[in-house]
Amino acid sequence: MQRFEGFWKSKRTNVIECFDCQRKQEVSGAATSTICPSCSAHIDLSDYKITTSFSRSIRTKGEVHVTTKGDLSSSSVRCRRALIEGRLRGNLDCAGTIVINTSGKILGKLSASEIVVEKRCEVHFFRRVRVSNIEIRGRMSGEVVADGMVTIRKNGVLEGNVTAKAINVEKGGTFSGQVVVGRRALQQTELLPNENPNVSEPPEGSISLARPLPAT
């Protein structure tokens with residue numbers, strides 16, 4: 001593992017939140033650490049690049065990059081953003097976006113503000129994925145719990161149960177599983193092409209799809 005310069009373009013300043021007391025402060029984008037002005041806790045701001053097997057915990061407001069040869073098996077990794085191109089067997093809690101750009105089994109538990117499964121990727125999540133929003137451009141199987149939107153892009157595939165505020169399947173995307181909608185935001189016409197869009201919305205509940213249905 002080594003530290004590296006961010007794979008997202010660095011801002012001149014960043015607003016970070018203390019892990020311990022949740023106090024927010026503005027720091028320089030070039031800083032590698034700071035002290036919380038409220039509770040005096042040390043806050044790591046470093047970016048980490050994992051190129052081999054790695055099992056130690058990470059707690060940073062920076063970024064974590066697991067390269068194609070990296071193998072992250074730590075039981076606790078917290079960061080601002082993450083890019084996964086290698087193996088992920090540990091738990092990952094991300095305040096921002098996790099980009100999945102690999103294929104295979106993901107054994108760890110993931111939670112994030114946003115998850116993106118890139119094109120040409122095929123991943124299977126063994127643990128429930130907790131996220132605000134998720135965008136699927138490749139193939140994914142596993143259970144998703146989303147506070148916001150689940151989006152399946154053209155040629156994207158999702159197999160598994162979904163609990164979300166809303167779900168959108170683009171034309172050319174495929175979803176197979178059960179949907180539990182927390183609010184009336186789900187438009188059934190996005191999943192069931194034969195539905196009459198003039199029919200009033202169904203009550204909150206679940207929709208079961210016995211076989212994969214492409215969006216039209």
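Just name the residue that is modelled with the highest pLDDT out of those in the stretch 21-36 that are farther than 26 Å from I100 by Cβ, outside any strand (DSSP E or B) and small (G, A, S).
Going through the stretch 21-36, the residues farther than 26 Å from I100 by Cβ turn out to be 21-28, 30-36.
Still in the list and also outside any strand (DSSP E or B): 21-23, 30-32, 36.
If we keep only those that are small (G, A, S) as well, we get 30-31.
On the way: A30: 85, A31: 88.
Filtering first and then ranking leaves A31.
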Discussion item. Looking for something at pLDDT 70 or above, part of a strand (DSSP E or B) and open to solvent by less than 60 Å² (accessible area, probe 1.4 Å) - is there at least one such residue anywhere in the stretch 181-190?
Written reply: yes
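One line per residue, one yes/no per condition, for (1) touching a residue at least 24 places away in the same chain (Cβ under 8 Å); (2) of a type in the set (V, I, T); (3) in contact with a strand residue (DSSP E or B) (Cβ under 6 Å, 6 or more places away or on another chain); (4) surrounded by 18 or more Cβ atoms within 10 Å (Cβ to Cβ):
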residue: T51; (1), (2), (3), (4): yes, yes, no, no
residue: T68; (1), (2), (3), (4): yes, yes, no, no
residue: R78; (1), (2), (3), (4): yes, no, yes, yes
residue: F126; (1), (2), (3), (4): no, no, no, no
Worksheet item: Taking into account only those residues within the stretch 5-20 that are at pLDDT below 85 and among the charged types (D, E, K, R), which is farthest from G62 (Cα to Cα)?
Response: R12
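When you check I58 against the structure, is it surrounded by 19 or more Cβ atoms within 10 Å (Cβ to Cβ) and over 21 Å from E17 (Cβ atoms), yes or no?
Details: surrounded by 19 or more Cβ atoms within 10 Å (Cβ to Cβ): yes; over 21 Å from E17 (Cβ atoms): no.
No: the conditions fail for I58.
Considering only residues of the stretch 156-166 that are touching a Ser or Thr at 6+ places or on another chain (Cβ under 8 Å) and either part of a strand (DSSP E or B) or at positive phi (or both), which is least open to solvent (accessible area, probe 1.4 Å)? Before you say what the answer is, go through the steps one by one.
Our first condition is that a residue be touching a Ser or Thr at 6+ places or on another chain (Cβ under 8 Å); within the stretch 156-166, this holds for 156-160.
Next cut, either part of a strand (DSSP E or B) or at positive phi (or both) only: 157-160.
Numbers: V157: 19, L158: 1, E159: 85, G160: 18 Å².
The extreme case among them is L158.
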Fill in: All positions within the stretch 125-145 that are at pLDDT 95 or above and more than 21 Å from R81 (Cα to Cα)
R139, S141, G142, E143
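Determine, yes or no, whether L110 is buried (at least 19 other Cβ atoms within 10 Å of the Cβ), modelled with pLDDT under 95 and closer than 23 Å to S74 by Cα. Full working, then the answer.
Details: buried (at least 19 other Cβ atoms within 10 Å of the Cβ): yes; modelled with pLDDT under 95: yes; closer than 23 Å to S74 by Cα: yes.
Yes, satisfied.
The values are calculated or read from the model by the stated rules, or taken from the named source; none is laboratory data. Predicted model only: the values in this text are computed from it and were never measured. Cβ: placed from backbone, ideal geometry, glycine included. Neighbour counts: every protein chain shown. What goes into the accessible areas is simple: the full protein's heavy atoms, side chains included, and nothing from ligands, DNA or RNA. Shrake-Rupley method; radii C 1.70, N 1.55, O 1.52, S 1.80 Å.
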